[in-house]
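To start, the structure itself, in structure tokens.
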Amino acid sequence: MKITVKKGNALEQKTSCLVLGVFAGKYKNEQLSQINQQLGGALDRATRSKEFTGGKGETLLLHGGSQAFAERILLLGLGKESLFSLRSLRQVTSSAVKLLAEKQLGSFLLALPQLPIKKTDFGERIQTIVEGVLLADYRYDRYLPKDKPGKPAVLDHVELLISANASTATAKAAIEAAEAIGSGVCFARDLVNAPGNLKSPEYLAMQAVAMAEQVGIKAKLLDRRELERQGFGAMLGVAQGSEREPYLIVLEYQGGIEAEQPIALVGKGVTFDAGGISLKPAEKMDEMKMDMGGAAAVLGTMKAAAEMRLTINLVAVVPVVENMPSGTAIRPGDILTSLSGKTIEVLNTDAEGRLILADALTYVARYQPSVVIDLATLTGACIVALGNHAAAVLGNHSGLIRQLLKAGERSDERFWQLPLWEEYSELIKSDFADVKNTGGRAAGTITAAAFLQAFADKYKWAHLDIAGMAWAEQGKAGQPKGGTGFGVRALIEYLRGATK
Ligand code: BES
Ligand code: MN
Ligand code: ZN
């Protein structure tokens, strides 16, 4: 698909469809009056009958008359002007794209970049629009017939109309950034949507290596033998219940000078979480193929960062295993010796994410990272606390948490901080080992983070629990049912902040 910019008068552009935004109740401006006139009063009639009032999410598709340049005009309700935000801009763009693609229109002109939004710049608005386009264009159709009826059109050419005095260079840079981010998000979504039979730890490792090769970053895999040699006891404990081989994926991107300490990203990669001997109930167990959503976000972010050539150094550490019940699986009560040397009493084999992350967080210290951010679909408790509208953020450095909260806000991948006071660490003390892997029913997201903190004591660290965000149970425009790629946009926003 091509995304290009164009300057000129919206009403004088040849296109199969012109998409125009309309704020609630504001359909009487000069441009819209002109359209109304060209179309013989069609807009008047639609607003009088309240078919279209500019309310958020409303659409009105009109066919251009003989006087119009555009074959069609799609009016897009934006809601109240004072409430319009980048979040709304991304959403309405996605709704428009979805609607047009379903109508088999693959080329159109978006006259949305000029819309006013407080405290935003032109480049940001362009980036948001293009993200809205690319996220709406995504579907996972690997296992669907090519000629499925009702399939939306493949997007061919999307044009953005910018005002005569706007900078084409800024627009082009923003489009490129959004394309990199979009490719990172869609890569992550593909990985999450892949079913468990296809998605072995080895498959995920191979996907990571292929991606690294494609964008020109260094990749290294530690296999079982190497993990044993180095003493990844916690990670190997989880892996031992599965017939499939575990891997530690390590990616290095050098966009800064060599001496600069890297930012480290760590992602939970459980390709399927059956719970192990502490087996999960059957209901919704299928969704546990998404338990590598953290890994996907980290890999998607590495892809986007490399494509954007961010001027920073990055390292990604992604432990990948499958959590299965079997005769070789770990039992409740088992005690594992982690890479750090700390011993862990496994009270529940379904609390496996923190086990593999413990070793990954220990391993990453050897890179002497300036900060470490881990992402994980770690606890059901996080969904109880925040639902599907925010990820939890916790950590040992308030400045880092503040930066992440801000990046989440700007990218519309929202985080909410939970406390990590030292009292919570009492709850994971074990009678038989240094720590235990569950802290009881209360504050499940926090005690999971308190467990991780015991292995993240050598650097600034933040943990993002994305359990409620990695998978969309219900689809909407810009986000079909399934993997979301959550985290890529926020992390890129954070990383771009770190380059300034
Ligand atoms: N992968 C799950 C957490 C999860 C649940 C993610 C639902 C997304 C949706 C994790 O491995 C897990 O099973 N956590 C347990 C921990 C408990 C045993 C202490 C949980 O949340 O129930
Ligand atoms: Mn689990
Ligand atoms: Zn899990």
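Can you tell me which residue among LEU314, LEU361, LEU355 is in the same structural domain as VAL238 (by TED's automatic domain parsing), buried (at least 24 other Cβ atoms within 10 Å of the Cβ) and within 15 Å of ligand 3 (Cβ to nearest atom)? So that I can check it myself, show each step before the final result.
Values: LEU314 fails: within 15 Å of ligand 3 (Cβ to nearest atom); LEU361 fails: within 15 Å of ligand 3 (Cβ to nearest atom).
After applying the criteria, what remains is LEU355.
Output the residue which, of all residues in segment 80-98 that are touching a helix residue (DSSP H, G or I) at 6+ places or on another chain (Cβ under 9 Å) and basic (Lys, Arg), is surrounded by the fewest Cβ atoms within 10 Å (Cβ to Cβ).
ARG87
Scan ASN197, ASN193 and give me the residue that is open to solvent by less than 50 Å² (accessible area, probe 1.4 Å), in the same structural domain as GLY487 (by TED's automatic domain parsing) and not hydrophobic (A, V, I, L, M, F, W, C). Give the derivation first.
Working: ASN197 fails: open to solvent by less than 50 Å² (accessible area, probe 1.4 Å).
None of the other options fit; the residue is ASN193.
Report the residue count in segment 439-454 for those that are open to solvent by 10 Å² or more (accessible area, probe 1.4 Å) and either away from ligand 1 (no atom under 12 Å from the Cβ) or among the hydroxyl-bearing types (Ser, Thr, Tyr) (or both).
At the first step, the residues of segment 439-454 found to be open to solvent by 10 Å² or more (accessible area, probe 1.4 Å) are 439-444, 446, 453-454.
This time we only want the ones that are either away from ligand 1 (no atom under 12 Å from the Cβ) or among the hydroxyl-bearing types (Ser, Thr, Tyr) (or both), so: 453-454.
Matching residues across segment 439-454 total 2.
Can you tell me which of ASP412, ASP334 is more than 21 Å from VAL266 (Cα to Cα), in contact with a helix residue (DSSP H, G or I) (Cβ under 8 Å, 6 or more places away or on another chain), open to solvent by less than 40 Å² (accessible area, probe 1.4 Å) and within 16 Å of ligand 2 (Cβ to nearest atom)? Spell out the reasoning first.
Values: ASP412 fails: within 16 Å of ligand 2 (Cβ to nearest atom).
None of the other options fit; the residue is ASP334.
Could you run through segment 46-76 and say how many residues are of a type in the set (D, E, K, R) and either in a helix (DSSP H, G or I) or within 12 Å of PHE23 (Cα to Cα) (or both)? Steps first, please.
Residues of segment 46-76 of a type in the set (D, E, K, R): 48, 50-51, 56, 58, 71-72.
Subsequent filtering for residues that are either in a helix (DSSP H, G or I) or within 12 Å of PHE23 (Cα to Cα) (or both) retains 48, 56, 58.
Number satisfying all stated conditions: 3.
Need pairs with beta-carbon distance below 8 Å; first residue in contact (Cβ under 8 Å) with a residue 24 or more places away in the chain and within segment 280-299, second more than 12 Å from ligand 1 (Cβ to nearest atom) and among the charged types (D, E, K, R); sequence gap 6+ or separate chains.
If the second residue must be more than 12 Å from ligand 1 (Cβ to nearest atom) and among the charged types (D, E, K, R), the pairs left are LYS289/LYS199; MET292/LYS199; GLY294/ASP374; ALA296/ARG189.
Show me the helices (runs of 4 or more DSSP H) entirely contained within segment 331-438 in which 2 or more residues are aromatic (Phe, Trp, Tyr) and within 12 Å of ligand 1 (Cβ to nearest atom).
Details: elements: 353-364, 380-386, 398-411, 423-426.
Fully inside segment 331-438 and qualifying: nothing.
Return yes or no: is VAL321 touching a residue at least 40 places away in the same chain (Cβ under 8 Å), within 24 Å of LEU191 (Cβ to Cβ) and more than 16 Å from ligand 1 (Cβ to nearest atom)?
Details: touching a residue at least 40 places away in the same chain (Cβ under 8 Å): yes; within 24 Å of LEU191 (Cβ to Cβ): yes; more than 16 Å from ligand 1 (Cβ to nearest atom): no.
No.
Return a yes/no flag: does segment 411-432 have any residue that is in contact with a Ser or Thr (Cβ under 9 Å, 6 or more places away or on another chain) and among the basic types (Lys, Arg).
No, segment 411-432 contains no residue that is in contact with a Ser or Thr (Cβ under 9 Å, 6 or more places away or on another chain) and among the basic types (Lys, Arg).
Sort out which residues of segment 460-500 are among the β-branched types (Val, Ile, Thr), touching a Leu at 6+ places or on another chain (Cβ under 7 Å) and buried (at least 21 other Cβ atoms within 10 Å of the Cβ), and write them in order of number.
Residue satisfying the conditions is ILE466 alone.
Among the residues of segment 432-473, count how many are closer than 15 Å to ASN348 by Cα and among the charged types (D, E, K, R).
Number of matching residues: 2.
Filter segment 391-425 down to residues that are of a type in the set (A, V, I, L, M, F, W, C) and over 17 Å from the mean Cα position of the chain (by Cα), then give me how many there are.
Within segment 391-425, the subset of a type in the set (A, V, I, L, M, F, W, C) is 391-394, 400-401, 404-405, 407, 415-416, 418, 420-421.
The next check asks that each one be over 17 Å from the mean Cα position of the chain (by Cα); those that pass are 394, 400-401, 418, 420-421.
Selection size over segment 391-425: 6.
Among the residues in segment 281-295, are any open to solvent by 10 Å² or more (accessible area, probe 1.4 Å) and either closer than 20 Å to ASP334 by Cβ or small (Gly, Ala, Ser) (or both)?
Yes, segment 281-295 contains at least one residue that is open to solvent by 10 Å² or more (accessible area, probe 1.4 Å) and either closer than 20 Å to ASP334 by Cβ or small (Gly, Ala, Ser) (or both).
Take the residues of segment 337-349 that are open to solvent by less than 40 Å² (accessible area, probe 1.4 Å) and within 27 Å of PRO281 (Cβ to Cβ): which is farthest from ligand 3 (Cβ to nearest atom)?
By that ranking, first place goes to GLU345.
State the number of residues belonging to segment 145-174 that are surrounded by 22 or more Cβ atoms within 10 Å (Cβ to Cβ) and assigned to a helix (DSSP H, G or I).
2
Going residue by residue through segment 142-158, is there one that turns out to be of a type in the set (Phe, Trp, Tyr) and over 30 Å from TYR494 (Cα atoms)?
Filtering segment 142-158 down to residues of a type in the set (Phe, Trp, Tyr) leaves 143.
If we keep only those that are over 30 Å from TYR494 (Cα atoms) too, we end up with 143.
Looking for residues that are of a type in the set (Phe, Trp, Tyr) and over 30 Å from TYR494 (Cα atoms), one finds at least one in segment 142-158, hence yes.
Test ASN388 against the stated conditions and say whether it is in contact (Cβ under 8 Å) with a residue 24 or more places away in the chain, under 19 Å from the mean Cα position of the chain (by Cα) and surrounded by fewer than 21 Cβ atoms within 10 Å (Cβ to Cβ).
Working: in contact (Cβ under 8 Å) with a residue 24 or more places away in the chain: yes; under 19 Å from the mean Cα position of the chain (by Cα): yes; surrounded by fewer than 21 Cβ atoms within 10 Å (Cβ to Cβ): yes.
Judged against the criteria, ASN388 is a match.
Please go through segment 18-38 and pick out each residue that is under 35 Å from the mean Cα position of the chain (by Cα) and surrounded by 20 or more Cβ atoms within 10 Å (Cβ to Cβ). Even if it seems obvious, please write down each step before you answer.
Within segment 18-38, the subset under 35 Å from the mean Cα position of the chain (by Cα) is 18-26.
The answer is LEU18, VAL19, LEU20, GLY21, VAL22, PHE23.
Listed here are the residues, each with its yes/no results for (1) open to solvent by 40 Å² or more (accessible area, probe 1.4 Å); (2) in contact with a strand residue (DSSP E or B) (Cβ under 9 Å, 6 or more places away or on another chain); (3) not in a strand (DSSP E or B).
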{"residue": "LEU78", "(1), (2), (3)": "no, yes, no"}
{"residue": "LEU100", "(1), (2), (3)": "no, yes, yes"}
{"residue": "GLN104", "(1), (2), (3)": "yes, no, yes"}
{"residue": "ILE117", "(1), (2), (3)": "no, no, yes"}
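The values are calculated or read from the model by the stated rules, or taken from the named source; none is laboratory data. Here the structure is a predicted model, which is why all the values come from computation and not from measurement. Neighbour counts run over all protein chains shown; Cβ positions are idealised from the backbone, glycine included. Accessible surface areas use protein heavy atoms only, side chains included; no ligands, DNA or RNA. Shrake-Rupley method; radii C 1.70, N 1.55, O 1.52, S 1.80 Å.
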